[in-house]
Structures are given as structure tokens and as C-alpha cells.
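The values are calculated or read from the model by the stated rules, or taken from the named source; none is laboratory data. Everything quoted here is computed from the prediction, not taken from an experiment. As a convention, Cβ positions derive from the backbone with ideal geometry for all residues, glycine included, and neighbour counts pool all protein chains shown. Calculation scope for accessible area: heavy atoms of the full protein, side chains included, ligands and nucleic acids excluded. Shrake-Rupley method; radii C 1.70, N 1.55, O 1.52, S 1.80 Å.
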Protein chains: 4
Amino acid sequence: MTTQSSLNDALKADLVSAYRILVNENVLDSFGHITVRSAKDPSIFLMPRAMPPSLVTVDDVLELRVEDSQPIDPQGRRVNGERYIHGEIFKAREDVSCVIHTHSQAVIPLSLTKYRMRPVVAQAGFLPLQSPTFEIRDARETGGRGMQVTDSKRGAALAKALGYNPAALMRGHGNVVVGRSIKEATVYAAYVDINARMQTQAMLLSPEIATLDEAELFTPEEFDINRPWQHLLLKTMDASAKAAVDRAQFGLDQTQRKQ
Amino acid sequence: MTTQSSLNDALKADLVSAYRILVNENVLDSFGHITVRSAKDPSIFLMPRAMPPSLVTVDDVLELRVEDSQPIDPQGRRVNGERYIHGEIFKAREDVSCVIHTHSQAVIPLSLTKYRMRPVVAQAGFLPLQSPTFEIRDARETGGRGMQVTDSKRGAALAKALGYNPAALMRGHGNVVVGRSIKEATVYAAYVDINARMQTQAMLLSPEIATLDEAELFTPEEFDINRPWQHLLLKTMDASAKAAVDRAQFGLDQTQRKQ
Amino acid sequence: MTTQSSLNDALKADLVSAYRILVNENVLDSFGHITVRSAKDPSIFLMPRAMPPSLVTVDDVLELRVEDSQPIDPQGRRVNGERYIHGEIFKAREDVSCVIHTHSQAVIPLSLTKYRMRPVVAQAGFLPLQSPTFEIRDARETGGRGMQVTDSKRGAALAKALGYNPAALMRGHGNVVVGRSIKEATVYAAYVDINARMQTQAMLLSPEIATLDEAELFTPEEFDINRPWQHLLLKTMDASAKAAVDRAQFGLDQTQRKQ
Amino acid sequence: MTTQSSLNDALKADLVSAYRILVNENVLDSFGHITVRSAKDPSIFLMPRAMPPSLVTVDDVLELRVEDSQPIDPQGRRVNGERYIHGEIFKAREDVSCVIHTHSQAVIPLSLTKYRMRPVVAQAGFLPLQSPTFEIRDARETGGRGMQVTDSKRGAALAKALGYNPAALMRGHGNVVVGRSIKEATVYAAYVDINARMQTQAMLLSPEIATLDEAELFTPEEFDINRPWQHLLLKTMDASAKAAVDRAQFGLDQTQRKQ
């Protein structure tokens, strides 16, 4: 097994963890998917076959081409109709390694209004002062139907609406969240959820609410996503799995403790 | 066992799964019921005896006549007072094979207002631009009392309010959702819940909200309900049951994967 | 063991079940309590010692006097400071056998406003068109402090506010719910919760909401509380306990099924 | 082992319980921390190393100096960037033994508005008529960035905003809650959550809501926090752990019961 294969194995393992985390957090439901750019070849991305998210294993991950979002060697396994969300964003965003599409109920109410998502909680400082909301009617060809992003043209329109932001809401549909790694995008997706819920509840209380200012935003490098990733991963474990956790894996060195 | 008996056995098994799904999703509570038209004879429908929904097994399913909603051979087992909801809808709707009546808390607040349920989430495109809300006072005979649909006349009034729609809210009571199969009606019921909740929360944020337009609605044939059915069924399983799941049953062919 | 002792044993068993149900439904929290009038002597009521509700067993039940809410033979076991809620209501209400006091979060928001609880869901038809909200400041002696019902005078004021209703909200505190039996009061408490939540959510949507009318109310005799009691009791059981449930106990006769 | 060491062992055990309680109540998430002043030396406080809250054990607890919030003998273990919240409050508040910082979603919406938290539920009578909301922009040095309390200056500003109150909201961040013991602060934190949620929901219903008056407030000595502490601790246990609970530990003496 070459180093690049090992890297893709590590990516697939993180992908499976990310699915477990976001299903457990009720961010992913029947639909929605997480993908990652291949470590072997940036013109390829990895995506699980079309299947219930709670059954995803490393053996279910397919390779698709960024260029046209088509699977390379599916061997009869079905792919998701909305894979173009991922391919087109990987194409437009060289900096992105992971794309997450969810139908999160925390963001949908906001997406149905004229209000944009704004960062209100401290950990949402990776968001810009306003996030875009993608309206598929603007991207739908004349006479076209439906809200699904099921071709490259619609995917490209979504990628254009996303721009260089970490997230975009999708009106009546959910959102898309991106990151430089699976861990980063997953933590971002969890905090987009919390942020949207807090912003929504505060807006019900008052027409004027405090939002983060420029000095409260931060770059991805300034955000330690390992802490929340670990916490979210531990939340997916039952009591016995938690007891068996290798604390070293969580950076909790054992030898130094027992003095 | 004849082919028709086998078909009814398959229906009863799906019925039990549907109960487990909708109890797990908090859509069904102490009250509420799911029925299916008999595969043997369309003038008969299958309904569990009056019992806690979480104990329903295939042996608890009775046969009732569509014509008058009476049980055929109850053998002392009690039937639900609101069976007329089901009989009268099966009578009015040849296209319907499954009827679900719930007391879902997601729809009741909306049902108490003058606002109709409108599709706002992408997966709710099987709903019309406005769903009817059944007001039992319009159907209650002079001097009549109560909100239960406990006779054919009230059942017929509810069926008339439902018309050819997939769902109708019932003011202060819950809703009724129908489909061409148990899987379809169950998935519809789950998405009616999500849709109502999202519509309600958005309406709190803003008097103007985006709802699906004509080009975003779809026919039942255009909606793949197997994905959400599988996801919802898996959610009812604990960890060991999930590990033992036959992936082939979920269309995940094993042989092709291991290349 | 005399017949009366057996009756009190049955009451204690139901009391323990009621605690499990209302803790599971998040209606009872650290505080709040359920009591029942003694089957042996109507001038006595049964109440668990002051203890975490989730540990209550039949051996923890004390006898107290309706007359002055004092324990008869406590043997060093502590009693609840708010036992006067129960004694004074049993005193004022000959028809009542069970009194439940909760700190339910479903009712508190409504209790903080000038709005009265009104029945909005079909199963809440046991409530009157308006339920009273007890304001302890009206009952607090001059210079008195606190919101706890910690003496007979305050208990009597609460009983007076309750009148002949099944429930009264307690401003900023919770509620009190009464019934002719433990099962009835417990089911009432569960539906007061649902009703308050639905009324509150509907009021957020619209200043005008539909509430039950006179023809939609019903007497206690007209409400089959066994169905919801069973469903709520089953919800407290884990999978193995549910599998071991004696279906006969739920009125599901086995012999007739297997024909 | 000296008496003082034993006292610190008891504190560490309570600290671990407090983490389990507040994680279970969804008050603590990936971030947020609980600290306690050392029983050996009031110029020292105990704080777990930087780690997922659900893995905290007594062996993970470090000693830090109140004076500058620096660890005494970390042995390579990482400390939390926001430890200054704790050190500066211990410095300003001789009466405080436990400091809790949370990112509770119950308080954040209120913190984003001009409205102060006010006690509305009976058990929140330990709160003043209005609690302060800390605005970090007032404490941020010119040109400074971010919302984290990552130095003594910001910590001192937060302590100043807190004053002699039991709690302060932190705009867009969460809150800080203090007490004379771990049990007290933990119960306070749980009730701050409930209070904020009830106040927020009531404010949505009506511009005028009832809040506690002077006669409804109480001193810490008047609040029996053992009952809710026990109830919250039991909620963290699964069924078998609950069955094995030593009832004597909960003040439920066994010998007297079996008469």
C-alpha cells in the first residue's frame, strides 16, 4: 500500500466518523452527503454510494471525477443525484478538501426569509458578516423544474453563489458547508447549525440583535477544530465504547499523569 | 399459502415497521393509527386492534370492511373508534392503499390558525400549494358533540375535505396522510411533520416566506421514497440490530464492493 | 393482608408507575410530587418521602393527614415542604383521589403572562374553557416571602384558586393537576403539558387561534385514559422490558389471536 | 494522606460529577469548564486539563494559581486558554469556591438582545432582579480582536461585570455562574438555563411578563441544592447504575423503612 493509498484510507475513516457525527447531531438526515478530495489526485473526489448515511463504511466510498461529477468505476453501485454540488464546488474551490451538503432543520427557516445568516456565536467567527443564500430559481433553466442540484449547470450556480465563503444556505433545502479537511468542514457544519438556531431565536426576541463584528471574525488557522471534533466524536459512542477509548488518541498522554 | 396471503403478510410486516418508524419519530403517540387496503380484496382494509402502537405485531392486525368500517371477524378484539377515518378515505380514494392518522404536535399549532399548510422544504413537493384543514364543526350534526371521527358521516366529511390531496390537517386534532403504499404514506407523514415545523418556524421570523412554486412540486412517481424509508427504519434499530442488518436488503450488494 | 391493605398496595404500585411516567415525559423534575388518597381512610393521603423522583419505590411511601398535611409515622424520614398543596386539595375536593404538582416547562411561559390556559387539542377536552392561574402574591400574608406552598393557609388559597377544575397553573412555578385516580391525574398531567405547548406555539403564530368549544369538552367518564396510560408506561421501558411485557396486562388476550 | 488532600480528593470527585451532570443537561458542550478553589490553599484553583468534558477524570485535574491563572506543575498537559475567567473571578470573589463557564444555548439568544436575564421561575430566586450581560468589546484593548477571555485583563473585566452576582451572561458566548461549592454552582447553572429558556419563551408570548419580586428572592442558605443535585446526578446514570445506587448516599436510610 503506497503512502497515497494510506492517505485515502485515513480520509475514508474520517469520512465515516463525520457521517456518524452529523447523523448523531441531527444535521444529516435521509439525504445530505459528505465528500472529500482524493489525496492521490485532486481531480478526483471520494463520495459514498447512494445509501442510508447511518450504514456508511469505508468500503462504500466511490471515486468520482471533479470535472463532470461522474463515478470512475462504480461497479453497479448507485451514486447520488446531487453529486454535482460536490464536483462543482471542488472545481471552483482549490482550497477546499471537504464538501458537506445537509438538510439541517436549524437553517431552513432562516433560508425561507429575506434574512441572511450572520455570525452571532463566538465559535461562528469563521463565517463572514453575511452568508449567501442560494436561490435555485435563479439557476433553473427556462422551463426547468425541481429544487435538486442534479446537473453541472446547477452545481456551478451553487458554487458561484457560495463564492469563497465557508457556507451557503439553500432556500427551502438546507445548506452546503466546506473546509480544508473533513474535520474542519464537519465542525463548521455543526457550528453553522448552532449559529443559525441562536440567530433565529434571538431574532424572534428582538428586531435588533448583536452580531459578531470584524474584530470577532477569525481565519480557519485561528480555530482549533480538534477540541470540538473530539467532543462530537465521543458523543457518538455509547458508555462502553467511551470507556474503551484510547486516551492517547485524544492527545491525553498517560505516562505524565501518574506521578 | 396463496400469493394473495403472502402479499397481505408482506403488508402486515410493512405495517408493523411503519408503526415503529412513526412512534420513533414522535409522529404517532397514544392515539393515531395506520391502515392498508387488503391485497386480497380492495373492499377490505387492515388495521391493528385498539392497542398501544409500540406493541403492534402482525398478529394484531384485523380486517375491516371499507363499506362501513366494521371488523369482519374480531373475535373479541376491540377496534378503534376512529376507524371511519380510514374506511371512508379508502372508499373515496381508489388510488390510496394506506391511510395514516396522527396527532402530530408539528402540525397542530398551524391547524389552530387560519393559515393553510404550504410546502416549504424540497422533499415536501408532493404536497399541493395549499393543503386543506378539516374543521369538524362543519361536519358535526346539529346538537352533535366531540371532535372524534367516530361514524361514517364524519369520516365522509373528512374524506371530502381531503379531496385528492396527500394530506389534510385536522384542527386541534392532528392530520391524515395517504399514499399508494405503506412506505409512501409513512415517508409522506414524516415529511409533512418536517414541513409543518419548518413553515411554522419561518412564519414566526417573517410575515413573508418563500414557499415552493409550481415548478418545484412533483408527482409521487418522481419521489424515491425508499431512501428515507430505509433511513427511518434504521433509526428504529439499536446498535446491535444495525450491525446485524442485511445490507442486501438495503440494495447494497456485497459482491461488487470487494474488488 | 386485608382488602384495604391490598388496595393501598395497588395504589402505591400505580404511584411508582406514575412517577416513572412523568419523569420520563419530562413533566416531573427534581421537584414536584404525586400523591393519592388512602383507600383505607379518606382522611389520609399517601406521599413519597422527600427524595429524587427517579428512586421512588413502594417502600418510600408515607401516610399523611389530610387535615394538617402532617406525616403519621415518619420514622425519621423527611417529608416535602409543599405537602400542603396536596392536603388542602384533598380537603377541598372530595371527588379527588390523586394530586400532582409539577414544575413543567410546558406551562411556565403561559403562566407568566395574562393569558389563561385554554383547551386546544382534542384530548384536552377534560379542561374547562379557561383554567385558573394561581398567583401566590394574592395568598401571601403581609410581609410574607417566597413562592413555595409551605403551609395550610397557602395550600388552602391554591385549592380555592383551583376550585372544581382539573388543573391550575401556578405563576412562575408550574401547575397542579387532579383526578379521580392516579391513572386519570397522570394522563391529565401529560395532556395539560401537550395542550399548553400547542396553545403557546399557536399563539406565537397568530393572535386569533381556535380553541375547543362547549360541544368539544367532555366529562371524565367520557375519556378512556387507559390507552394513553399504557402507551406512556410502555415508553418508560427499554427494549427487553417491552419484549417481556405481559400483553394480557394490556387487555390483549392471547388465545383469541392465534386462530 | 492528610485531611487537606482528602478534601481535594472529594472536590475532584464532585468536579467529575459536575462535568457529567452539565454535559448530560446539554449545558456544557465542547467548550466550557468547571473549576474549584483548592481546599489546601485558597490561592490555588483546580481545573481539568484541556480535554473533551466527557472524558474528565480525577487524574486530569491540574492546579493553577489564582494570581495569574497559570498552571503550577502541568507536566506537559495543556491548559485552557480561557482559564483567566476562573482565576480572575476567584481573585475578585472570596466567597466563591466554584466557577462554571458554559456556552449554553438557553442563554445565548437573550444575550444577543438588550434584555437582561430576570428571574421568572421559583427556583431562580437566587438570581438578582437583573443579571449583568458582559460585553467583551468594552473590555477589549484598542485594536484587540476576538471574544475569548484569554488574558488577565479580560478576565478582570468579566469579574467586574459579574460583581457580586451568581451569574452573568456573556454576549454571543454563553455565561459564567459561581457558587460557594461545586454542588451549588452546578445547580445554579442548571436553573439559570431553565430560567433563561422560560423567560425567553414567555417574552415571545407577551411584552409584559411576571418576574420574581423582592419577596420571592432568597439567599443561598435558603435554597436546598442537594435535592436537585441528586436528581441531576441520577439522570446521568443508566438503568443498571441507578439500580446499584447506594440509597444511603442519597440520605435514604434503609433500616427505618422496613418496619
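I need the shape label for the range A:18-113. Rule: rounded when a/c is under 1.5, else prolate if a/b > b/c, else oblate, with a, b, c from the alpha carbon gyration tensor. Cα axes put the range A:18-113 in the oblate bin.
Which whole-percent values make up P(r) of the range B:150-254 when all C-alpha to C-alpha distances are grouped in 5 Å steps starting at zero? Whole-percent P(r) values from 0 Å outward: 2, 9, 14, 17, 17, 14, 12, 8, 5, 1, 0. Across the identical copies, the 7 Å label point of residue D:242, projected outward along Cα→Cβ, sits 1.6, 1.6, 2.3 nm from its counterparts, in ascending order.
Please compute the per residue accessible area over chain A with all protein chains in place, 1.4 Å probe, rounded to a whole number of Å². With the other protein chains kept in place, chain A gives 38 Å² per residue. From the Cα gyration tensor of the range D:155-204, with a ≥ b ≥ c the square roots of its eigenvalues, which class applies: rounded if a/c is under 1.5, or else prolate if a/b is larger than b/c, or else oblate? It comes out oblate by the Cα gyration axes. Placing unit charges on the Cβ atoms only, positive for Lys and Arg and negative for Asp and Glu, gives the protein assembly as shown a dipole magnitude near 140 debye about its Cα centre. Leaving ligands and nucleic acids aside, the A/B contact buries around 3500 square angstrom of accessible area in total at a 1.4 Å probe radius.
Among the GluC sites (Glu not before Pro) within the range A:1-85, those in coil by DSSP and having at most 13 neighbouring Cβ atoms inside 10 Å are A:67.
Charged neighbours of residue B:148, selected by a Cβ distance under 12 Å, balance to -1 (K, R count +1; D, E count -1). Between amide H atoms placed 1.01 Å from N, distances below 5 Å from residue D:149 occur with no residue 5 or more places distant or on a separate chain. Under the combined filter of DSSP loop state and at most 12 neighbouring Cβ atoms within 10 Å, the range D:145-228 retains none of its trypsin sites (Lys or Arg not before Pro). Over 32 Å apart at the Cα level, from the set C:40/C:114; A:160/B:242; A:12/A:242; C:183/D:242; A:235/C:235, are C:40/C:114; A:160/B:242. Around the amide H of residue D:97, modelled in the peptide plane, lie the amide H atoms of D:179, D:180, D:181, all under 5 Å away and 5 or more residues distant in sequence or on another chain. Interface residues of the range C:144-160, defined as a loss of at least 10 Å² in heavy-atom accessible area between the chain alone and the complex of all protein chains with a 1.4 Å probe, are C:145, C:146, C:147, C:148. Expressed as a fraction of 2.2 N^0.38 Å, the C-alpha radius of gyration for chain B is 1.03.
Taking the accessible area of the range B:104-259, probe 1.4 Å, and keeping the other protein chains in place, the carbon and sulfur fraction comes to 51%.
Computed on the Cα trace of the protein assembly as shown, the radius of gyration divided by the Kirkwood hydrodynamic radius gives Rg/Rh = 0.96.
Residue of chain D with the Cβ closest to the rotation axis carrying D onto C, and that distance rounded to whole Å: D:204, 4.
Here the Karplus relation 6.51 cos²θ - 1.76 cosθ + 1.60, evaluated at θ = phi - 60°, turns the backbone of the range A:30-42 into coupling constants of 4, 10, x, 7, 10, 10, 9, 6, 5, 6, 7, 7, x Hz, with x for every Gly and Pro.
Counting every Cα pair in the range C:98-183, what percent are over 18 Å apart?
42
Loop-located GluC sites (Glu not before Pro) in the range B:195-248 (DSSP state other than H, G, I, E, B) with a sparse environment of at most 16 neighbouring Cβ atoms within 10 Å: B:208.
Ascending distances from the residue D:220 label point to its copies in the other chains, with the point 7 Å along the Cα-to-beta-carbon line: 4.6, 4.6, 6.5 nm. Go through the range D:61-76 and flag every residue whose accessible area shrinks by 20 Å² or more with all protein chains in place compared to the isolated chain (probe 1.4 Å). So the qualifying set is D:75. Using a loss threshold of 20 Å², tell me which positions in the range A:83-125 are less accessible in the complex than in their chain alone. Probe radius 1.4 Å, ligands and nucleic acids ignored. With the partner chains in place, the range A:83-125 has these residues losing at least 20 Å²: A:103, A:105, A:108, A:109, A:112, A:113, A:115, A:120, A:121, A:122, A:123. With its label point defined 7 Å out from Cα along the Cα-to-Cβ axis, residue C:95 lies at 5.0, 5.0, 7.1 nm from the matching points of the other copies, in increasing order.
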